[in-house]
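Since the structure comes first, as structure tokens, the remarks are kept for the end.
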Amino acid sequence: MPTHQTIRIQDTDIFLRRSGEGNKQSVIFLHGMRFSSLNWEELGTLDLLADKGFDAIAVDLPGYGESPAAPIEKEKVLPLIIEALDVKEPIIVAPSFSGEYALPVISEHPSDFTAVVAPAPLGIPENAGALKGTSLPFLIIWGDNDPIVPVENAHILDSVLADSEVVILPEGGHPTYLNQTETFHRHLVRFLEKL
């Protein structure tokens, strides 16, 4: 079972769920607009990764889940969370709207991260130019009938990156990890273990 913790960024408490603390490689899970860190706990993702030797951390972004709203610019939130956690070169999992928090930071400071898992993130067209040539390993994972973020965005992202892999899940909706959890987990673990 994940432990529940809080960290502070700019005088705001950020709630998180963590499994595998003390393991060497940290994986930070963000969430979509209608979701929170609770999803990753309920799906068993955090415990699954802890069992595989990872430090799995799911955070509630400011104003979501158990974290109060805070007037912090989106592109500052992730670096502040990483600093407060005191983890080195984490892997980032940024689904849906959390792409707007992660992609600008990753494009500006790719060497601060080990890899990125991108389940249908927002912000690809806006950040594709800045990400061009990034050699950070990316797993781009999408549902084939995503009604919110067009699957073409997966190929846009793939086309600008130097080290990326695209997985399109058949009959996967927008949050593919919800209706294709087992398949999502299989691809996630395979990607992380080959890094």
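The values are calculated or read from the model by the stated rules, or taken from the named source; none is laboratory data. Small disclaimer: the values here were computed from a predicted structure and weren't measured. No Cβ is skipped: glycine too gets one built from the backbone with ideal geometry, and neighbour counts run over all protein chains shown. For accessibility, only protein heavy atoms count, side chains too; no ligands or nucleic acids. Shrake-Rupley method; radii C 1.70, N 1.55, O 1.52, S 1.80 Å.
Which residues, counting only those in the stretch 9-51, are touching a residue at least 60 places away in the same chain (Cβ under 8 Å), part of a strand (DSSP E or B) and open to solvent by 20 Å² or more (accessible area, probe 1.4 Å)?
Listed by number, the list holds a single entry, Q25.
Going through the stretch 128-161 one residue at a time, which ones are open to solvent by 10 Å² or more (accessible area, probe 1.4 Å) and within 19 Å of H31 (Cβ to Cβ)?
The answer is D146, P147, I148, N153.
Tally up the residues in the stretch 54-76 that are assigned to a loop (DSSP other than H, G, I, E, B), charged (D, E, K, R) and under 20 Å from A120 (Cα atoms), please.
Going through the stretch 54-76 one residue at a time, the tally reaches 1.
Residue under question is V116, and the condition is that it be under 13 Å from the mean Cα position of the chain (by Cα) and either crowded, with 23+ Cβ neighbours inside 10 Å or basic (K, R) (or both); does it hold?
yes
From the set of residues in the stretch 158-184 that are assigned to a helix (DSSP H, G or I) and of a type in the set (D, E, K, R), which is farthest from K132 (Cα to Cα)?
E182
Can you tell me which residues in the stretch 108-125 are closer than 17 Å to P175 by Cα, in contact (Cβ under 8 Å) with a residue 40 or more places away in the chain and small (G, A, S)?
A120
Of the residues L136, L178, L122, L131, only one is touching a Ser or Thr at 6+ places or on another chain (Cβ under 9 Å) and under 20 Å from R190 (Cβ atoms); which?
The match here is L136.
Would the stretch 90-111 turn up any residue that is surrounded by 21 or more Cβ atoms within 10 Å (Cβ to Cβ) and polar (S, T, N, Q)?
yes
Let me spell it out: the conditions are (1) buried (at least 22 other Cβ atoms within 10 Å of the Cβ); (2) assigned to a helix (DSSP H, G or I), and P79 meets all of them except one. Which number is the exception?
Against the list (1) buried (at least 22 other Cβ atoms within 10 Å of the Cβ); (2) assigned to a helix (DSSP H, G or I), P79 comes up short only on (1).
Here are some residues: D86, D13, D47. Which one is under 19 Å from H187 (Cβ atoms) and charged (D, E, K, R)?
Going through D86, D13, D47 in turn, just one is under 19 Å from H187 (Cβ atoms) and charged (D, E, K, R): D47.
Taking the residues in the stretch 117-144 that are part of a loop (DSSP other than H, G, I, E, B) and among the aliphatic types (A, V, I, L, M) as candidates, determine which candidate is nearest to T183 (Cα to Cα).
My answer is A120.
Can you tell me which residue among G32, G63 is in contact with a Pro (Cβ under 9 Å, 6 or more places away or on another chain) and among the small types (G, A, S)?
Of G32, G63, the one residue that is in contact with a Pro (Cβ under 9 Å, 6 or more places away or on another chain) and among the small types (G, A, S) is G32.
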